[in-house]
1. Can you send over the carbon and sulfur percentage of the accessible area for the chain, probe radius 1.4 Å, protein chains only?
2. Can you tell me the relative contact order of the range 3-67? Whole percent, Cα pairs under 8 Å, sequence separation 6 or more.
3. At 1.4 Å probe size, with no ligands or nucleic acids counted, give the accessible surface of T19 in Å², nearest ten.
4. If you rank L64, L13 by how much accessible surface each has, with a 1.4 Å probe, what is the order from largest down?
5. Once both axes come from the Cα atoms, what is the angle between helix 99-109 and the longest principal axis of the chain, in degrees from 0 to 90, rounded to 10?
6. Solvent-accessible area per residue for the chain at a 1.4 Å probe radius, Å²?
7. Please build a GNM for the chain, connecting alpha carbons under 10 Å apart, and tell me which residue among I94, I84, I57 fluctuates the most.
8. Compute the relative contact order of the chain as a whole-number percentage, counting only Cα pairs closer than 8 Å that sit 6 or more residues apart in sequence.
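The values are calculated or read from the model by the stated rules, or taken from the named source; none is laboratory data. Note that the structure is a prediction, hence the values are computed from the model and not measured. Note: areas computed on protein heavy atoms with side chains; ligands, DNA, RNA excluded. Shrake-Rupley method; radii C 1.70, N 1.55, O 1.52, S 1.80 Å.
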Amino acid sequence: ILIDIVDHAPVLLKNFSNTILFSGQRYALNLSEYFYDEDNNTLTFSFYNSSVIGVEIANETAVLAPIGNFTGKAYMFFKASDSIDSVASNIFGIEVEEREKALKSLRKIVGLK
C-alpha cells in the first residue's frame with residue numbers, strides 16, 4: 001500500500017504595505033497575519049533587507065528598527081517556510097525619517113511655529 005502524503009506550501013495572505021518610521025522607533029509586525037500554512041506546519045521566517053533596518057523575529061512577530069542614524073528609504077521582504085516549501089512576500093519600502101525634521105514639517109503644515 002502506497003500512501004501519498006500531500007504537503008501544501010505556505011501561502012501569502014496579504015501584501016505588506018510601505019511603512020514610515022522615525023529614527024529610533026521600533027515597529028512590530030505579526031507575521032501570522034501575512035502567512036498561513038494549510039497543514040498547520042510550524043512556519044519559520046526569514047527576511048532580506050539592505051542591512052540598514054534591524055529585524056528580530058520571535059514567536060511570529062518581527063520587530064523592525066532603523067540601525068544607527070539611518071534615514072532614507074530601504075526595501076525588504078519576508079519569507080515563510082514549512083521546511084519543505086516556502087513563499088516570499090512582496091517587496092515593500094520602509095521610509096525612515098528624522099523625528100525632529102518630521103515634527104517641524106508637521107508644525108509648518110498645521111500652521112504652528
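1. C and S atoms contribute 52 percent here.
2. 37
3. My reading of the accessible area for T19 is about 20 Å².
4. So, going from the largest accessible area down, we get L13, L64.
5. Long axis of 99-109 versus the principal axis of the chain: about 60 degrees.
6. The answer is 68 Å² per residue.
7. Between I94, I84, I57, it is I84 that shows the largest mean-square fluctuation.
8. The normalised contact order for the chain reaches 32 percent.
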